[in-house]
Each structure stands twice: as structure tokens, then as C-alpha cells.
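Report on the following structure.
The values are calculated or read from the model by the stated rules, or taken from the named source; none is laboratory data. Worth saying up front: this structure is predicted, and the values here are computed from it rather than measured. Here the Cβ positions follow ideal geometry from the backbone for every residue, glycine too, while neighbour counts run over all protein chains shown. Just so you know, the surface numbers come from the protein's heavy atoms only, side chains and all, with ligands and any DNA or RNA stripped out. Shrake-Rupley method; radii C 1.70, N 1.55, O 1.52, S 1.80 Å.
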Amino acid sequence: MRSIAEALASMLPAFSPLGEEEVHLTESAGRYVSRDVTARFDAPPFDNSAMDGFAVRASDVASAAPDTPVRLPVRGESRAGGPLPESLQPGAACRIFTGAPMPAGADAVVIQEDTDRDGDEVAIREASTEGNHVRAQGTDVASGSRLLRAGDRMWPGEIGLLASQNIERVHVFQRPKVAILSTGDELRQLGDDVEPGMIINSNVYVLTEMLRALGAIPVPLPAAPDTLAEIEASLRTALEADVVITTGGVSVGEYDFVNEAFKNVGIEPMFWKVRMKPGKPASFARYEGKPVIGVPGNPISAMVAFEVLIAPCLRKMLGDPQPHPQPVVARLRDSYRRRPGRIEIARAVATRVGDEIIVALHQLQGSGSLPSFVGVNALVILPADRAELAAGEKVEAILWGPGLNGPSSFFDGIS
Ligand code: AMP
Ligand code: MG
């Protein structure tokens, strides 16, 4: 049986980005860019005023003070989106507004509050230094500089940056199609009549959303009944996708045909069983290089195996250069006794308390029941070799689902 690290080490090489495609910026959210993106022009694209006031030559107002204001004639105006101002003659001022281009010759802005307008003249009551209240061309971005690196993910800020550069299309890694093949005679679809002995195929809905959240394309297939022939036929369909996930049928029961079906279809087994709890009967195989992962049918095991084993591999395939979960350090709220041997991925509620994160493990760790996932915002990694963990012990936790809870010294009390 493999450790989680060994399992991932044999899985990860099978997941490489598929290739790239070009998408419109408005379709790029959540995608990983496949090439560096460079700036088309300087930002700001021209020297402009950071304030409303008067553009001047700093040397003309060097002696200005409240008691000894400097009076300058006002020549022209510059406003954002207006006609470009003429160049500023020495000894004059130009009315200017935020975002407006600086007239040639001007090198500082005196804010309106430090001036008194008097007809065609303005009295400047404060000296200004060169560059004061001026947003100089190219100070945010120099033309030709790198804006994004290959592997960066597109979030709203990245989209804004490229939009500001008039970059309409962006190269991103392709999204893998991931087939979800559930197996089990007992499985019915949402909305079906559920006869006695049957259950709804909840896994397919869970895995569909987990795939979507990663940025992959879920391909949910009809559940396959527990017969070798039907599982094989469904596998052949599933293999049209880039990655196949099967759920169920990987234990050692008499109706657990998935591993045998793999063999018959020509899917080459790589490993079966991982030293983790839940999720032990997970398997990994390849068909002409294509990854095929089997997770247990138990809904909790399927979710945990997906998060720990499949998600990192898919993130790598999507182009994420750091595909592993990035756990936070937390402290156990309560002591916990367990059977040592396998790493346990425990469902918990994480709360920020002061500058620490406290995790309360869910009461129903052993259960395969879905209510035990409701409200869970952390998966706590409990070391394999420990039979007893004390309250207050440090552990690593993968933040999950709804994210961290906790009182805020800033937001609490705001209503
Ligand atoms: P298996 O891995 O096929 O032995 O299934 C283990 C348990 O998970 C059984 O109780 C199944 O009924 C249940 N199960 C299997 N597949 C699913 C599924 N797709 N959705 C919900 N429960 C499932
Ligand atoms: Mg089954």
C-alpha cells in the first residue's frame, strides 16, 4: 500500500497541461495563462495629474507661502478626456483636473485647496516640488515589461490589468475534460423514483462541482450497473475524455468489478490502495497514457480522495505551477483518539481565535454520511503514527468549502 506522497508521486507525471488556446479576456476568469504576457504600452500612458488644481513649473512657485503667495496668469485647461493642453509657458499656470494630461513644460501640480482663483489669475499659497501630484508616464508599468507569468491564474485583478493594456485575448492552458463514471446497481439519478434498496448517485453531483471549481470540464456519465460488461462499455465511452474518474466498485466485494474491467479494457493498473483514511481503496491506472482514477463509492471517501489525490493532479494539468493544497497551521480544540496506521483526513470546523486557527473535529469521523460534511471548512491532516492527539496540538489543515470562520476586530459591530 502506498502513502499519499507515493501515490501522488506516481500520479503527477501522468498529468501535464494539454496545450494552449486563446480566449477572450471576458472568458478568461479562473484560467491559467500559458505564456508570459507583456505590456503593450506604459501605464500611466502619459504624465497626468493626481489631483484637481493647477499645473505649474515648480521653479515658478518655489517662494510661495501663505503670507507670500505667487500670482500666475491661468492659461488654458486640461481635463480627463478633453483636448490636449498646449504647452505651458514659464510664469503661467494651467487649470487641471484629476487624470488629465500634464501640459508640456509643467512639472508639478498645486492642489486647488492651496490656491485662490481670481479671474484670469491664480494665487498659489504653497510651494510645490517637481513631480508633486503628478502621475508620471510608465511609473506603474513600463512598455514591454512582464505583466503576468505563464502559470498565473486569471482573477479579476489580472483581468483588469490586461484590460487596461487593451489586451483582448489571452493564451491559456486548455481545460481537461474529466469523465465521471459512477458504478453501482443501486444508483438512481436526481428526480428518479427511488425504489426500496436504491440510492441517489450523489457522488456524480459532488464531483461535478469539485471539477468545475478547479476549472476542469466535468463530463458526468450515466451510472454503470455492477456488471463487468456494462462497466467495460461505460469505460470505453469515458476514455473519450482526457481523464477518467470512476466511483465505487473498487473494494473487495463480489460486485466490485472496476479493477477487473480496467484490465479487460486495456487500462494498465498502476496502484490500488493508499494509506489514507478515508479513501483507502483509491486506485490509479493509465490507458495509453491517459489517467484513470478510481475512488471509493462512499461519498465521504470520494470527496476526500478527490481533494487529496485528484485535485493536485488536475491543477497541474490545468497549468498551476503549485498544484498541492496549501494547508494552514491550526491547533486541535479537543483531544482525539484514533487507530494509528494511516494518515487521517478529518472533517473539521476551523475558527480564527486571536491569531490562531482552532479546529474542532467533526463528531462523525467514521461515518459515510453526507451531513458530516455540512459546514465543514477544514480538512485536518492527522499523522499516521499517532494514536492520541492532545487538545492544543498543532496540525495542518486544508481550508475547504466556505472558508475560515472567526470574529473580526474590524468588521464585527458593523451593521
Ligand atoms: P462501493 O465503493 O461501490 O463498495 O460503495 C460503497 C458505498 O458507497 C455503498 O454504500 C454505496 O451504496 C455507496 N455509493 C456508491 N456509489 C455511490 C454514489 N455514486 N453516490 C452515493 N453513494 C454511493
Ligand atoms: Mg458498489
How many residues are aromatic (F, W, Y), touching a strand residue (DSSP E or B) at 6+ places or on another chain (Cβ under 6 Å) and within 16 Å of ligand 2 (Cβ to nearest atom) if we restrict to region 245-271? 1
Select, from V141, V109, the only residue that is touching a His at 6+ places or on another chain (Cβ under 6 Å) and either in the same structural domain as S87 (by TED's automatic domain parsing) or in contact (Cβ under 8 Å) with a residue 60 or more places away in the chain (or both). V109
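Among the residues of region 149-170, is there at least one that is within 16 Å of ligand 2 (Cβ to nearest atom), touching a residue at least 12 places away in the same chain (Cβ under 8 Å) and of a type in the set (V, I, T)?
Checked against the condition, which is being within 16 Å of ligand 2 (Cβ to nearest atom), touching a residue at least 12 places away in the same chain (Cβ under 8 Å) and of a type in the set (V, I, T), region 149-170 yields no hits at all.
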Please find, within region 189-236, the residue that is surrounded by the most Cβ atoms within 10 Å (Cβ to Cβ) out of those that are within 31 Å of the chain's Cα centre (by Cα) and among the polar types (S, T, N, Q). N203
Given the conditions (1) within 21 Å of I167 (Cβ to Cβ); (2) without any contact (Cβ under 8 Å) to a residue 12 or more places away in the chain; (3) not acidic (D, E), report the number of the one that S34 does not fulfil. (2)
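Out of V304, V274, I need the residue that is more than 16 Å from ligand 2 (Cβ to nearest atom) and within 26 Å of the chain's Cα centre (by Cα). Which one?
V304
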If I ask for residues that are touching a residue at least 12 places away in the same chain (Cβ under 8 Å) and open to solvent by 50 Å² or more (accessible area, probe 1.4 Å), which ones from region 367-382 would you list? L370
Quick check on region 245-279: of everything there that is among the charged types (D, E, K, R) and away from ligand 1 (no atom under 11 Å from the Cβ), which residue is surrounded by the most Cβ atoms within 10 Å (Cβ to Cβ)? K277
When you look at E240, is it away from ligand 1 (no atom under 16 Å from the Cβ) and more than 27 Å from L364 (Cβ to Cβ), yes or no? yes
Among the residues of region 174-184 satisfying the criterion of being under 16 Å from A241 (Cα atoms) and assigned to a strand (DSSP E or B), which is farthest from ligand 1 (Cβ to nearest atom)? K177
For region 280-294, which positions are more than 12 Å from ligand 2 (Cβ to nearest atom) and either hydrophobic (A, V, I, L, M, F, W, C) or open to solvent by 10 Å² or more (accessible area, probe 1.4 Å) (or both)? K280, A282, F284, A285, R286, Y287, E288, G289, K290, V292, I293
Within region 287-301, considering residues that are among the small types (G, A, S) and within 27 Å of the chain's Cα centre (by Cα), the one nearest to I199 (Cα to Cα): S301
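Each row is one residue, and each column tells you yes or no for (1) within 16 Å of ligand 1 (Cβ to nearest atom); (2) part of a loop (DSSP other than H, G, I, E, B).
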{"site": "G297", "(1), (2)": "yes, yes"}
{"site": "S301", "(1), (2)": "yes, no"}
{"site": "F306", "(1), (2)": "yes, no"}
{"site": "P312", "(1), (2)": "no, no"}
{"site": "K316", "(1), (2)": "no, no"}
{"site": "D320", "(1), (2)": "no, yes"}
{"site": "Q326", "(1), (2)": "no, yes"}
{"site": "V329", "(1), (2)": "no, no"}
Is it the case, given these coordinates, that N201 is near ligand 1 (Cβ under 10 Å from one of its atoms) and not assigned by TED's automatic domain parsing to the domain that holds L370? yes
If a residue has to be under 27 Å from D412 (Cα atoms) and part of a loop (DSSP other than H, G, I, E, B) to count, how many in region 335-387 make the cut? 7
